[in-house]
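Values in this text are rule-based calculations from the coordinates and carry no lab data. Owing to the predicted nature of the structure, the values given are computational and were not obtained by experimental measurement. Cβ: placed from backbone, ideal geometry, glycine included. Neighbour counts: every protein chain shown.
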Amino acid sequence: MAISKLFVATFVLSFLLLHVVEAHQVIESNGPKRSLLGTINCGAACVARCRLSRRPNLCHRACGTCCARCGCVPPGTSGNQEMCACYYNQTTHGGKRKCP
């Protein structure tokens, strides 16, 4: 009986340890990706990105936040979000794309 309790306790602890390691790997893989080329000038990149926006202040604020988190801004004034995966995957609480 003592051996089976020891086996169950070992199994539960192993499962918990595996769960913690897996959660840590998921967090690392989904975290912000930084550009390998160094730092980006978010201000200039967002000015270019938001130059045709109807709401430039909102666009600059959202773009600046996304650029700071991801270290990249897609080229052009709209679209091309696939060029920067982190930028593309940022969403609001409502599930809408956060980054312009």
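Order the peptides 49-60, 64-75 from the highest to the lowest mean number of other Cβ atoms within 10 Å of their residues.
Descending mean neighbour count gives 64-75, 49-60.
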**Prompt:** What nm distance separates the two modelled labels at residue 39 and residue 6, each placed 7 Å from Cα along Cα→Cβ?
**Reply:** 5.7 nm
**Asked** With labels modelled as points extended 7 Å from the Cα through the Cβ direction, what inter-label distance (nm, one decimal) is found for residue 58 paired with residue 77?
**Response** 1.7 nm
